[in-house]
Amino acid sequence: MSDERGADGLSARERAAVRERAAELRAQAGGSDGEQDVLAAVDRLPEEERGVALAFHALVRDAAPELVPRTWYGFPAYARPGRRGGVVCFFTSASKGGTRYHVVGFGDAARLDDGTLWPTSYALLRWGPENEERLRTLVARAAG
C-alpha cells in the first residue's frame, strides 16, 4: 500500500485500518466471538508470520487467561472483560504493520507504570525462549 496521503490526510494503509476498526466495532456490538476473530486475523497473515502470532496468542491465553481476545485495527489484541475493558496488549505483524519487525504493544489498560517513563511497545524479530519468557512476564504484569 502507498504511504501517499489522500485528501483526507490519511494514507491508504491508514484508511484501511479505519475501515477495519469500524467493522470490528460493528461485529463486537453484534456479539462476535473474539477468539475466532483473532484466529481469523492470524490466518490472514503470511505463512511465515502466523507462527509468531499464534505463539503470542497462546502465551497471552496462558499468562493472562482473564483477558478477552479481540481484534483491534485488524490485529490480535487482548482486553479487560466488559464493555469498557481497554486493550491491555496487542500483536502487530511486520507485514501488516509495514515494518521490518513485529510489535508487541501495551495499551493504556496495561498495568506497567513505572515512575514517569516506561516502554509501551517492543520490536520482535523472531520468537524464541528468551523473548517468550520476557513477554510472559510483561503480559502477566500488564494484566495484573
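The values are calculated or read from the model by the stated rules, or taken from the named source; none is laboratory data. Worth saying up front: this structure is predicted, and the values here are computed from it rather than measured. Neighbour counts run over all protein chains shown; Cβ positions are idealised from the backbone, glycine included.
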request  = State all residues of region 91-111 that are surrounded by fewer than 21 Cβ atoms within 10 Å (Cβ to Cβ) and assigned to a loop (DSSP other than H, G, I, E, B); if no residue qualifies, say none.
outcome  = 98, 99, 100, 101, 107, 108, 109, 111
inquiry  = For region 129-144: of the residues being surrounded by 12 or more Cβ atoms within 10 Å (Cβ to Cβ) and either in contact with a Lys or Arg (Cβ under 9 Å, 6 or more places away or on another chain) or free of Cβ contacts under 8 Å to residues at least 24 places away in the same chain (or both), which is nearest to residue 34 (Cα to Cα)?
reply    = 143
key: Failed item, numbered, when residue 88 is tested on (1) in a loop (DSSP other than H, G, I, E, B); (2) in contact (Cβ under 8 Å) with a residue 24 or more places away in the chain   = (1)
note = Expected output for region 94-117 (first residue in contact (Cβ under 8 Å) with a residue 40 or more places away in the chain, partner part of a loop (DSSP other than H, G, I, E, B) and surrounded by fewer than 10 Cβ atoms within 10 Å (Cβ to Cβ), Cβ below 7 Å, 6+ apart or cross-chain) is 94/100
task = Provide a single number: the residues in region 83-111 that are modelled with pLDDT under 95 and in contact with a Pro (Cβ under 8 Å, 6 or more places away or on another chain).
result = 1
query = How many residues does region 46-71 hold that are assigned to a strand (DSSP E or B) and either at positive phi or surrounded by fewer than 22 Cβ atoms within 10 Å (Cβ to Cβ) (or both)?
reply = 2
